[in-house]
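First comes the structure, then the notes that go with it.
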Amino acid sequence: MEKPSEHLFQPLEREMLWDQVYVRLRGALLAGKYEPGARMVLRELADSLGTSITPVRDAVARLIAGGVLELGPRNTAIVPEVSSESFRHLTIVRIELEGRAAREAALRPDVASVARLEAQLAKMRSLIGHGDLDAYLDVHRQFHSGIYEMARMPILQQMIEGVWLRCGPVLSFVIPDYVRLLKGTDHHLRVLEALAKGNADVAEAEIVADIQEAGEYVLSLADDEGRIRRPTVQAQSVRPV
């Protein structure tokens, strides 16, 4: 397993270091920068972020308390392994939360927000076409987050993010095979069309279908012991964008 680059993070200013460290770590986990089982050394994180170890320890402690990370030995934290059973449970929760958020978003049509989502979807397609799949995951997350923001229910969005934090390390396994084959792209387009038309039923159904299809792929990567692993054999064919 490759170790994340020591230049993954940019140095931080001294103001509100604890919050900044937490935001950076949360963003890296959401983007799948750390795989299940990865060991995060607090001193290395502090050096990369240009801080003392104290704000890093505080931010990591918050993530551990939330079940996102596990306490490791000697100033380390571990990204938990995700079993197929746990992932099924997370997928069920995602379907309920994100489906409802998409429904609420469609009931509050917002021309400016839909335009931003259209631009993000176009960028996602372009990134696939150019093979920039690491950047794709970040834009993909922004696309989904933009939908849920339209629901204007902050508590629901916070709950969704909490579940994504637990899923992020294995959701990155959709790179490259699943994404290169453009799975789920039609769902993204259809939910966008539903949002523009204010069709709550279709918006919810398409988000649910998107989550289910990606979830089925991730579950197909489970080994004989039910642990989800990055695929070792990558697909060679790529459907045209």
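The values are calculated or read from the model by the stated rules, or taken from the named source; none is laboratory data. Given the structure is predicted, the values throughout are model-derived calculations rather than measurements. We place every Cβ from the backbone using ideal geometry, glycine too, and count neighbours over all the protein chains shown. When the accessible area is computed, the model is the full protein with side chains, heavy atoms only, and any ligands, DNA or RNA have been set aside. Shrake-Rupley method; radii C 1.70, N 1.55, O 1.52, S 1.80 Å.
Listing for the model above:
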item	result
Heavy-atom accessible surface of the chain: percent carbon and sulfur, 1.4 Å	51
Angle between the chain longest axis and helix 53-65 axis [Cα atoms, degrees, rounded to 10]	50
Region 135-203: trypsin sites (Lys or Arg not before Pro) in DSSP coil with no more than 14 other Cβ atoms inside 10 Å	ARG152
Principal-axis tilt of helix 17-30 within the chain, Cα atoms, nearest 10 degrees	50
Percentage relative contact order, region 1-155, counting C-alpha pairs under 8 Å, at least six apart	21
Accessible area in square angstrom per residue, region 60-212, 1.4 angstrom probe	46
Net length gained if the chain between ARG227 and TRP18 were fully extended (0.36 nm per residue, minus Cα distance)	71.9 nm
